[in-house]
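The values are calculated or read from the model by the stated rules, or taken from the named source; none is laboratory data. From a predicted model like this one, the values you see are computed outputs, not experimental measurements. Positions of Cβ are generated from backbone atoms using ideal geometry, with glycine treated the same way; all protein chains shown enter the neighbour counts. With ligands, DNA and RNA removed, areas are computed over all heavy atoms of the protein, side chains included. Shrake-Rupley method; radii C 1.70, N 1.55, O 1.52, S 1.80 Å.
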Amino acid sequence: MTNNGVPATGKGLIVSFGEMLIDFVPTESGVSLAEAPGFLKAPGGAPANVAIAVARLGGKAAFVGKLGDDEFGHMLAGILKQYGVTGEGILFDQGARTALAFVTLRANGEREFMFYRNPSADMLLKPDELNFELIKSAKVFHYGSISLIVEPCRSAHLKAMEVAKDAGALLSYDPNLRLPLWPSAEEARKQIMSIWEKADVIKVSDVELEFLTGNPKIDDENALTLWKDNLKLLLVTLGENGCRYYTKHFRGSVEAFHVKSVDTTGAGDSFVGALLAKIVDDQSILEDEQRLRGVLKFANACGAITTTKKGAIPALPTESEAFTLIKGA
C-alpha cells in the first residue's frame, strides 16, 4: 500500500542507540546564554529523537542507552514510554547524572550548545549491560557518534553494532557532530570515520560534509569522497535546499518543503526516523530510485514540519501531518 508514492510505515523493530538528555532552551531567541531571561526544558538527544520520530509515524521503535537515576532521567524514560518507544534497553546509573545541554538559539533558528556531562550517565554504559535480546531483534540499528567519545560507552557502542550486524540488521549512522563534546576536531574526525565502513546507510548534513572532508564545496564530487562500497545509501541533508542521495547505481536530489522555520532542532532526526520507518520492512526501496525518491520526499516533509515548532520532540510529526504538507505543496 502506498500513499502519494510513499509505502506504509513498517512493522519491523528500529533500535536507536546512544544518548538522551535535556536541552535547556532560552525563552528568547537571539540572545546569549548569559542574557537569556529563562529556559524551557526540552527533552532531546539525537538517537532518542529518532526513536520517537519512528513511533510518531506509527513504527516500532526501541531506545538503548543509560540515564541518571535522577528526576530528569526518570522524566526522559517517561517521555519515551508516553510516545510508545520500547524502554527495555534503558538503564539507570546511580552514580552519574542525566546529561544536560544549554542551547543558544540564534535569531535565524540555528543553535549553539553548552554541555553538562562530566561524566553523565550515558557515557557510563558498559558492554555487559546491553540488552542483547532487544538488539538482536532489530531490523534496523541506528546510532550516532557521541557515544564513541569516551569509554566505557564507546566499547558498548561497538559491541552493540557488532551484535546487530551479526543478527542481520541494517546499520544506520548519523554522525550528528557536536564539536564541543570532543577533545579536538582531529579526534572527532578520526573517531567519526573509524566506524564509517560498518554502516549500510549514512546521513550527514552539509556542515558535517564540510567538516569530515575538510572541503567547503557542497557538491557531488566532494560528497562521493565519503562513499564506501559497503554503503547502500549516502545522504547529504541541505536544510532548506532538501537533500542529495547517492547509491551504487544512481544519485540525485530531492527538494525541500518551504515552511516558516523557528527552530531547526530535531529536523535531521525527524528526517532519519521517517526514512527508517519507511524502509524497515522493504530494504529493496534503497535500490529503486523512484520509490526511494518518494520516501525521501516524505522524510523532507517530516524534517520541515519539525522546524516549525520549538523543541525537537513536540515538533515531530505524525504521518497525516506529513501528507497534508506534501499535498498542499
Next on the checklist: Tell me yes or no: at least one residue of the range 131-140 is over 22 Å from Asp200 (Cα atoms), touching a residue at least 24 places away in the same chain (Cβ under 8 Å), touching a strand residue (DSSP E or B) at 6+ places or on another chain (Cβ under 6 Å) and not charged (D, E, K, R).
Outcome noted: yes
Item to check | Pairs with Cβ under 6 Å, 6+ apart, first in the range 194-206 and polar (S, T, N, Q), second assigned to a strand (DSSP E or B) and open to solvent by 10 Å² or more (accessible area, probe 1.4 Å) | outcome: Ser205/Thr237
Item to check | Restricting the range 23-51 to residues that are modelled with pLDDT under 95 and β-branched (Val, Ile, Thr), the residue that is farthest from Gly68 (Cα to Cα) | outcome: Val31
Checklist outcome for this item: Of the candidates Ala329, Ala274, the one satisfying the condition of being open to solvent by less than 20 Å² (accessible area, probe 1.4 Å) and either in contact with a Cys (Cβ under 9 Å, 6 or more places away or on another chain) or among the hydrophobic types (A, V, I, L, M, F, W, C) (or both) is Ala274
Item to check | Tally of residues being farther than 21 Å from Thr306 by Cα, in contact with a Leu (Cβ under 8 Å, 6 or more places away or on another chain) and in a strand (DSSP E or B) across the range 63-106 | outcome: 13
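Residue by residue, here is whether (1) small (Gly, Ala, Ser); (2) at pLDDT below 95; (3) open to solvent by 20 Å² or more (accessible area, probe 1.4 Å) holds:
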| residue | (1), (2), (3) |
| --- | --- |
| Lys136 | no, no, yes |
| His142 | no, no, no |
| Ser147 | yes, no, no |
| Ser172 | yes, no, no |
| Pro175 | no, no, no |
| Leu209 | no, no, no |
Next on the checklist: Residue under question is Ala51, and the condition is that it be among the aliphatic types (A, V, I, L, M) and in contact with a Leu (Cβ under 9 Å, 6 or more places away or on another chain); does it hold?
Outcome noted: yes
